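Asker: I'd like to ask you about the structure that follows.
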Amino acid sequence: MLQSRLRASLILSATLCAAAPALAEPVTHFTLDNGLEAVVIEDHRAPVVVQMVWYKAGSADEKRGKSGIAHYLEHLMFKGTDTMASGELSKTVAANGGSDNAFTSYDYTAYYQRIAADRLPLVMKMEADRMRHLKISPDDWKTERDVILEERAQRTDSDPGALFGEQRNAAQYLNHPYGTPVIGWRQEMEALTRDDAIDWYRTYYAPNNAVLVVAGDVTPDQVKALAQEYYGPLEPTPGIAPRARPQEPPQLAERRVTFPDPRVAQPYVTRSYLAPERDPGDQKQAAALTLLAELLGGNAQTSVLARKLIFGSGTAIFASAFYDGMAIDDTTFGLAVMPAGDVTLPEAEAALDKAIAEFLKEGVDATQFERIRTQIRASEIYSKDNTEGLARRYGEALASGFSVEDVQDWPDVLMSVTEEDVMAAARTVFDKRHSVTGYLTRPEEEATQ
């Protein structure tokens, strides 16, 4: 959602540009002989470069009983190799005025550095080194396991909203690993070993299971030469299996979760529905769901839920809708309502149901629809000014099975969505038999509901 202080100027700019097709960013795509896929995004406005390496392995690829191993190895990747001491990569990047980090998701794990363009050979050499030559000492694996357990304690176990989210996901996905938290279940994290980490590393960390994205003040020829020099000599791993996960059985009944916790400051109700993901070469339904989420809850003042529940009935002080189609398997479409004053969670849920039913009957407001299309157009135009954001967009997509063409087609697919497409998507997704309704509440309030 665009920030309010920028909205007027963005809408004006987008309106002026709407008649002409958006120019694709200058992107070059190639694959090395060892299977490493690479994308180069040129941006010569500043002498800065972003290097990202995305591995096609995330928490949803973990073996049952080994949850958290993908994130655990992410931490261990900052240890040493034969030529780098533990922590040397990050220290070297910082000493050269750059920054680095990593992140793990369900479908991928990514590592990146942002640094002066003339330091690209330095960070590429180090990144290629740890792709194949990581050393995990007997001390490192125990220390880092304690670190991820403490991270879980701070970010999840101490946060009732995070615990509530874990329980909702577990209820949503009975069989698919999207129902397991990325950080892992605590009892399984406590049992992770050095051998588990080495096995995960040897299975998935290889040039033929990775995507290199370099964005910034570079040319394709420069990047290709460097990639061949540093990544090219790395041996691929034979026999990496296709990413086949356990799938969900048909959901035949609505599910409900009530999570009481004395630390809850403001109770709220959520509803999530199983929903189709974006598919390579077929992104139209996901685009319709993206616009549906914006229509229903994308704006705190003008969205359907805001107008009906906040400014209309006064039932809520906050209402939203959210959908992210970038997933390999079925994802979710979510709604959330935070009730006002003395409104109970069942009353808030009833008001949400009524608002959705009215929307399905009334259809899309044409003026609101065009305003959202304009905002999306503006957002896509201005996103091209964010080099790191573009690198993430391409890396996430290619690590999830999409092509460069899919990424570049996405804005046009969004703009091709009609009001009828949005309503068809809404009628498909809003089936309570495929939903999980959750109450986050305080214990004393649970007894009265």
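The values are calculated or read from the model by the stated rules, or taken from the named source; none is laboratory data. Treat the numbers as computed from the prediction; the structure is a model and nothing was measured. Note that each Cβ is placed from the backbone with ideal geometry, even for glycine, and that neighbours are counted across all protein chains shown. Heads up: the accessible areas ignore ligands, DNA and RNA and are worked out on the full protein's heavy atoms, side chains in. Shrake-Rupley method; radii C 1.70, N 1.55, O 1.52, S 1.80 Å.
Asker: Take the residues in the range 42-59 that are surrounded by fewer than 23 Cβ atoms within 10 Å (Cβ to Cβ) and more than 21 Å from the chain's Cα centre (by Cα), then tell me which one is farthest from residue 128 (Cα to Cα).
Answerer: 45
Asker: I want to confirm something. Restricting to the range 226-241 and keeping residues that are part of a loop (DSSP other than H, G, I, E, B) and of a type in the set (A, V, I, L, M, F, W, C), which single residue is modelled with the lowest pLDDT?
Answerer: The residue in question is 241.
Asker: Please list, ordered by first then second residue, the pairs with beta carbon atoms under 8 Å, 6 or more apart or interchain, first in the range 305-317 and polar (S, T, N, Q), second at pLDDT 95 or above and part of a helix (DSSP H, G or I).
Answerer: Every condition considered, the pairs that remain are 313/351; 315/309; 315/347; 315/348; 315/351.
Asker: Shifting gears a bit: Please determine, by comparing only the residues of the range 315-329 that are touching a Leu at 6+ places or on another chain (Cβ under 9 Å) and not in a strand (DSSP E or B), which one is farthest from residue 283 (Cα to Cα).
Answerer: Taking the candidates together, the pick is 315.
Asker: OK, next. Looking only at residues in the range 359-405 that are part of a loop (DSSP other than H, G, I, E, B), more than 24 Å from residue 421 (Cα to Cα) and among the charged types (D, E, K, R), which one is modelled with the highest pLDDT?
Answerer: 385
Asker: Out of all the residues in the range 341-352, which are surrounded by fewer than 16 Cβ atoms within 10 Å (Cβ to Cβ) and touching a residue at least 60 places away in the same chain (Cβ under 8 Å)?
Answerer: Across the range 341-352, the qualifying residue is only 346.
Asker: Run residue 11 past the list (1) touching a helix residue (DSSP H, G or I) at 6+ places or on another chain (Cβ under 8 Å); (2) aliphatic (A, V, I, L, M); (3) part of a helix (DSSP H, G or I); (4) modelled with pLDDT of 95 or more and report the number of the one that doesn't hold.
Answerer: The number of the failed condition is (4).
Asker: Kindly indicate whether any position in the range 332-340 is over 23 Å from residue 215 (Cα atoms) and open to solvent by 20 Å² or more (accessible area, probe 1.4 Å).
Answerer: Just the residues of the range 332-340 that are over 23 Å from residue 215 (Cα atoms), to begin with: 332-340.
With open to solvent by 20 Å² or more (accessible area, probe 1.4 Å) added as a condition, the list becomes 332, 338.
Checked the range 332-340: at least one residue is over 23 Å from residue 215 (Cα atoms) and open to solvent by 20 Å² or more (accessible area, probe 1.4 Å).
Asker: For the range 88-179, please list each of the helices (runs of 4 or more DSSP H) lying entirely inside it that holds at least 2 residues being without any contact (Cβ under 8 Å) to a residue 12 or more places away in the chain and out of contact with any strand residue (DSSP E or B) (no Cβ under 9 Å at 6 or more places or on another chain).
Answerer: Where helices (runs of 4 or more DSSP H) fall fully within the range 88-179 and carry at least 2 residues being without any contact (Cβ under 8 Å) to a residue 12 or more places away in the chain and out of contact with any strand residue (DSSP E or B) (no Cβ under 9 Å at 6 or more places or on another chain), they are 88-95, 138-152.
Asker: Related question: Please specify each residue of the range 418-441 satisfying the condition of being farther than 17 Å from residue 360 by Cα and β-branched (Val, Ile, Thr).
Answerer: Result: 436, 437, 441.
Asker: Being assigned to a helix (DSSP H, G or I), within 17 Å of residue 273 (Cα to Cα) and in contact (Cβ under 8 Å) with a residue 12 or more places away in the chain is the requirement here; does residue 355 meet it?
Answerer: Details: assigned to a helix (DSSP H, G or I): yes; within 17 Å of residue 273 (Cα to Cα): yes; in contact (Cβ under 8 Å) with a residue 12 or more places away in the chain: yes.
Considered against the rule, which asks whether it is assigned to a helix (DSSP H, G or I), within 17 Å of residue 273 (Cα to Cα) and in contact (Cβ under 8 Å) with a residue 12 or more places away in the chain, residue 355 comes out as yes.
Asker: In the range 190-206, which residues are within 12 Å of residue 109 (Cβ to Cβ) and open to solvent by less than 30 Å² (accessible area, probe 1.4 Å)?
Answerer: Once the filter is applied, which keeps residues that are within 12 Å of residue 109 (Cβ to Cβ) and open to solvent by less than 30 Å² (accessible area, probe 1.4 Å), the range 190-206 yields 200, 201, 205.
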